[in-house]
Amino acid sequence: MQTLREKISFILTALAYVVFHIRTGHDLKTIASGTFIQMMTTLPYAVGFTYIFIVIIRHLTGQRPPWDRILRLFFTIGILFAFFFALYEYGDRAEKMRLRDEGAEEQKPTVSRFCPDANQKVRSYWA
């Protein structure tokens, strides 16, 4: 990190990493704890994939990348995992709100609702 542009892009990547991990809530304590839990959930995945990519880069180039490139790679992988985990969580939350608004607890998604003819009884024919 010698140029100002590299320093600014590094800081922006780190801020994007934090922003993608922020979880919503009704008070500051809920937001902080949700964000921390989200960061700890994605941390093993980001560290593992970063390690794999560093090993591949070291194998291809013969040298280890500088620490700022490693952290930038970690932040990028963490952003991707945080994005997909957030999609999953927000979709789950929307489904729960939809079920609550309909007021029907028996309307939970099941195989028979998804595929109505999946549970039909079929006589077995023995020759």
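List of remarks:
- Most to least packed among 21-33, 43-55, 66-78 [average Cβ atoms within 10 Å]: 66-78, 43-55, 21-33
- Positive minus negative residues near G25 (Lys, Arg vs Asp, Glu; Cβ under 14 Å): +1
- Normalising the average separation of contacting C-alpha pairs (under 8 angstrom, six or more residues apart) by the number of residues puts the relative contact order of the stretch 4-102 at 32 percent.
- FRET E, pair S33, T76, Förster distance 30 Å, beta-carbon r, rounded to 0.05: 0.75
- 13 Å beta-carbon shell around Q38, net charge (K/R +1, D/E -1): 0
- Over 16 Å [Cα-Cα, the stretch 4-102], rounded percent: 64 percent
- Proximal charge balance of P65 [Cβ under 12 Å; K/R count +1, D/E count -1]: +3
Rule-based calculations on the coordinates, nothing more; no lab input. Source: prediction; values computed, not measured. Don't worry about glycine lacking a Cβ; one is built from the backbone with ideal geometry, like all the others, and counts go over all protein chains shown.
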